[in-house]
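One structure below.
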Amino acid sequence: MNPWLLPDAPEPGWALIACAPALALTIDRLFGEPAARWHPVVWMGHWLAWAGARLAPAAGEPPVHTPAGIFWGAALSWCGAAAAVFALAWWFQAWVLTQPVWLAALALGLFLKPLLAWALLHDEVLAVEQALGESLDAGRARLARLVSRDVTALDATQVRESAIESLAENLNDSLVAPLFWFALLGLPGAALFRFANTADAMWGYRGVRPLGGVARDWTWAGKWAARADDVLGWLPARLTGLLILLLGGAWRAGGRLLAQARRTPSPNGGWPMAAMALALGVALRKPGVYGLNESARAPQPADTLRACALGSRTVLATTVLASAALLWGLSE
């Protein structure tokens with residue numbers, strides 16, 4: 001039995017379902033992101049902001065609850081919202097799969113699109129390089145739209161490194177991992193991962209971080225969200241790293257990938273970033289935090305273009321693999 005639990009025995013027409021990832025990527029490239037009022041990830045973010053303001057204590061103020069109370073309150077809130085996201089997506093998918101197969105494939109591709117994003121990431125990274133060509137201040141300002149770190153003290157090389165690192169890490173979070181979970185569980189899997197990843201981005205901090213203009217302490221409120229994202233992204237991150245190395249023609253550097261990936265604080269983020277550094281033959285650094293492939297040269301403007309091209313090849317390969325996995329699963 002296939003993991004999607006189709007309502008009837010598989011038939012040749014079900015092969016159209018395997019085209020949903022390619023359709024989603026086509027919509028992504030042609031039309032970009034939907035308006036915020038229709039974007040499910042934006043809806044997730046609104047709820048996380050509302051709940052986070054009630055779960056994480058304001059920094060510098062005595063907490064109302066004990067650390068254990070804060071932790072379990074945030075964990076239960078995360079689980080309840082994740083269950084609602086999963087159930088809603090499962091219900092919608094189950095209904096869609098009762099429709100004519102061509103309509104089901106179209107609907108799945110259309111609703112998968114907001115759960116992944118490559119065109120926006122690709123274009124924003126290229127825009128950072130273009131802005132750097134104008135001035136350092138312009139490059140910093142453009143990078144600030146892409147990353148959460150303080151960019152005011154970065155030099156031109158550090159701006160470029162940060163953009164390439166963001167491209168590599170978000171290649172997994174915004175494309176490979178959603179397609180991985182879509183191939184396993186369909187829309188519910190992709191939606192669950194995007195919720196977990198968004199929760200990690202908003203809650204998963206180890207200290208003080210502002211939310212809604214108020215500095216809040218996430219030491220206990222963000223632990224569950226951070227670990228849940230680590231678990232769901234563990235295998236996709238490693239697949240992303242391996243794909244980048246193979247498609248970048250750097251498979252001989254595979255023996256160095258594990259050691260380099262371990263240099264970053266994140267158990268997952270280091271894999272695609274280290275693979276990108278090795279594939280491009282450049283060093284990528286976050287000052288005071290980590291250095292990847294440090295003995296290599298600093299990245300040049302052409303390396304940003306190479307990184308985007310390698311990312312596009314990885315996206316294409318992942319889409320083909322996801323469609324092949326769906327085709328195989330739906331034929332069982």
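The numbers here are math on the coordinates, done by the rules we state, and not lab data. Everything numeric here is computed off the predicted structure, so don't read it as measured data. Quick reminder, even Gly has a Cβ in these numbers, built from the backbone with ideal geometry, and neighbours come from all protein chains shown.
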Residue order, fewest to most surrounding Cβ atoms within 10 angstrom, among TRP251, TRP90: TRP251, TRP90
Net lengthening on full extension, ARG313/VAL42 (0.36 nm per residue, minus Cα-Cα): 94.8 nm
Sort THR264, THR98, THR219 so the one with the fewest other Cβ atoms within 10 Å of its own Cβ comes first. THR98, THR219, THR264
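Per the helix-only calculation at 222 nm, which mean residue ellipticity applies to the chain, given -39500 (n - 2.57) for every DSSP H run of n ≥ 4 and division by its residues, nearest 500 deg cm²/dmol?
-21000 deg cm²/dmol
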Just how far, in whole angstrom, is the stretch 88-107 from the stretch 287-312 if you go by their alpha carbon centroids? 41 Å
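Calculated FRET efficiency, ALA201 and LEU76, Cβ-Cβ r, R0 30 Å, to nearest 0.05?
0.90
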Percent RCO, i.e. relative contact order, over the stretch 2-152, from Cα pairs under 8 Å lying at least 6 residues apart: 37 percent
Computed magnitude of the charge dipole of the chain (debye, nearest 20; Cβ of K, R +1, Cβ of D, E -1): 560 debye
DSSP H helices in the chain with Cα extent of 24 Å or more along the helix axis and mean Kyte-Doolittle hydropathy at least -0.5? 67-96, 223-247, 301-330
Pop a pseudo-label 7 angstrom from the Cα along the beta-carbon direction at both ALA83 and ALA144 and give the gap in nm to one decimal. 4.2 nm
Sort the following peptides by mean Cβ neighbour count (other Cβ atoms within 10 Å, averaged over residues), highest first: 65-78, 14-27. 14-27, 65-78
Relative contact order, percent, of the chain when contacts are C-alpha pairs under 8 Å separated by at least 6 residues? 24 percent
If the convex hull of the alpha-carbon atoms of the stretch 115-182 is projected onto planes in all directions, what is the mean projected area in square nanometres? 4.2 nm²
Any idea what the relative contact order of the stretch 182-269 is, in percent, if you count C-alpha pairs under 8 Å spaced at least 6 apart? 22 percent
If the convex hull of the alpha-carbon atoms of the chain is projected onto planes in all directions, what is the mean projected area in square nanometres? 17.7 nm²
Kirkwood-Stokes translational diffusion coefficient of the stretch 1-137, alpha-carbon pairs, 10 °C, 1.306 mPa s, µm²/s: 85 µm²/s
Likely footprinting exposure, PHE182, PHE195, PHE92, fewest C-beta neighbours within 10 Å first: PHE92, PHE182, PHE195
Can you pull a Stokes-Einstein diffusion coefficient for the stretch 126-257 at 4 °C (1.567 mPa s), Rh from Kirkwood over Cα pairs, as a whole number of µm²/s? 78 µm²/s
